[in-house]
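Asks: Please see the structure below; I have some questions.
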């Protein structure tokens, strides 16, 4: 148990250091763009390392599936800034791995279905509302929103910690969506990145509890 706590805390410290380095570099212009992207992706990879460590401790395949999903998100972190749609597709694939991991741990029940229906309605209404406010195709963003909604709904059947991680993830993505629809408003970069990395860490840490 002490080894698990020590490793988890080490990952948390590294994610804090790398995440802060990325955010500070973005705000100050330090380092080349490629270096900043490396900070961004590596921060998420530390969460993948924690999930992989959990697999070595408990041997559960769902932990390995979660680790693979987090690795896909780390790749998506970089792709998102090089080609947005490709990065979003990679994130969607990562969420599918999360969903598979959740379902292997505990099959979602009626309450998860109810939550997904609510989120589906909200996403659909938001898409109709935003269709005249943006100049880019909304379909890819809408489809992605349904996938992450399914991820959050599936997480509701898990432990409260897992659900918390999923909620933080969708909140982070909501900020990104807001930024796309209202590019003239404050981007809320700090809350967005803090929510995102917290979500990845919590989802990985939940595999040890």
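Every number here is computed from the coordinates shown, using simple stated rules; none is lab data. It should be emphasised that the depicted structure is a prediction, and the values quoted were computed from it without experimental measurement. Glycine also receives a Cβ, built like all others from the backbone with ideal geometry; neighbour counts cover every protein chain displayed.
Asks: With a ≥ b ≥ c taken as the square roots of the eigenvalues of the C-alpha gyration tensor of region 101-161, please select rounded if a/c is under 1.5 and otherwise prolate if a/b is larger than b/c or oblate if it is not? Mind showing how you got there, number by number?
Replies: Values: a/c = 3.72, a/b = 2.43, b/c = 1.53.
Because a/c hits 1.5 or more and a/b exceeds b/c, region 101-161 counts as prolate.
Asks: Note the full-extension length gain between residue 136 and residue 104 as 0.36 nm times their separation in residues minus their Cα-Cα distance, in nm to one decimal.
Replies: Numbers: separation 32, 0.36 × 32 = 11.52 nm, distance 3.67 nm.
Computed gain between residue 136 and residue 104 is 7.8 nm.
Asks: By per-residue mean of other Cβ atoms within 10 Å, what is the highest-first order of 115-127, 27-39, 187-199? Walk me through the numbers on the way to the answer.
Replies: On the way: 115-127: 15.0, 27-39: 13.2, 187-199: 17.8.
So the order, starting with the most tightly packed, is 187-199, 115-127, 27-39.
Asks: Then there's this: At q = 0.18, 0.20, 0.21 Å⁻¹, what is the base-10 log of I(q)/I(0) for region 17-100 according to the Debye formula with one equal point scatterer per Cα and no solvent? Please give it to two decimals.
Replies: For region 17-100 at q = 0.18, 0.20, 0.21 Å⁻¹, log10 I(q)/I(0) is -0.76, -0.87, -0.92.
Asks: Moving on to the next point. Over the chain, what is the relative contact order in percent, taking alpha-carbon pairs closer than 8 angstrom and at least six residues apart?
Replies: Numbers: 254 pairs, mean separation 43.6, N = 209.
Relative contact order here is 21 percent.
Asks: Would you calculate a helix-derived [θ] at 222 nm for the chain, using -39,500 (n - 2.57) for each DSSP H run of n ≥ 4 and dividing by the full residue count, to the nearest 500?
Replies: Working: 8 runs with 174 residues, N = 209.
My calculation for the chain gives -29000 deg cm²/dmol from helical runs alone.
Asks: Next question. Go ahead and collect, in residue order, the members of region 181-208 whose backbone nitrogen is under 17 Å from a label point 7 Å along the Cα-Cβ direction of residue 7.
Replies: What the label zone holds, given the 17 Å backbone N cut-off, is 201-208.
Asks: Also: Report, to two decimal places, the Cα Rg of the chain normalised by 2.2 N^0.38 Å (N = number of residues).
Replies: Ratio of Cα Rg to 2.2 N^0.38 Å: 1.01.
Asks: Now, a different point. With label points built 7 Å along Cα→Cβ from the Cα atoms of residue 174 and residue 81, find their separation and express it in nm.
Replies: Distance between the two pseudo-spin positions: 2.6 nm.
Asks: Could you grab the relative contact order for region 1-83? Cα pairs under 8 Å, six or more apart, rounded to a whole percent.
Replies: Details: 66 pairs, mean separation 23.9, N = 83.
About 29 percent, as a whole number.
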